[in-house]
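Structure record follows, encoded as structure tokens.
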Amino acid sequence: MLGQALRNAARQAAPMARSGVRNMSINDVKLKDLPAHLQQVAADPATKKAADSMMYNYYKTYVKTGSAQPVYHVIAMMLACGYCIDYTFHLRHEANYKYH
């Protein structure tokens with residue numbers, strides 16, 4: 001019941017989600033049409049406004065206050081990216097392990 005109420009509130013609060021480009025779900029898009037769909041979503045003014053708002057809120061919350069959190073965020077992102085890169089090499093090694 002609460003979940004349905006939250007969904008209804010989200011639908012009423014976000015009319016941009018039902019207009020224009022956003023009337024399609026990502027599940028409705030075929031793989032060959034995905035790049036064109038993502039390009040349309042990225043060009044949507046609501047998407048740009050949301051990204052700008054997110055960046056402004058991050059700046060206001062962490063950077064402007066002089067917090068050390070952005071340093072920790074950069075370190076965490078570097079660790080995550082490094083792990084992903086290392087994991088691909090690990091998988092490549094595992095695929096060739098039978099030939100050693």
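The values are calculated or read from the model by the stated rules, or taken from the named source; none is laboratory data. Note that the structure is predicted; figures quoted are calculated from it, not measured. Please note: Cβ atoms are built from the backbone with ideal geometry, for glycine as well, and neighbour counts cover all protein chains shown. We work out accessible area using only protein heavy atoms, side chains counted, and drop any ligands, DNA or RNA first. Shrake-Rupley method; radii C 1.70, N 1.55, O 1.52, S 1.80 Å.
Miscellaneous remarks
- Summarising the amide proton neighbourhood of ASP44: residues at separation of 5 or more, or on other chains, whose placed amide H is nearer than 5 Å comprise an empty set.
- Average accessible surface area per residue within segment 49-100, 1.4 Å rolling probe, Å²: 93 Å²
- Loop-resident sites, segment 22-52, for trypsin sites (Lys or Arg not before Pro), counting at most 13 other Cβ within 10 Å (DSSP): LYS30
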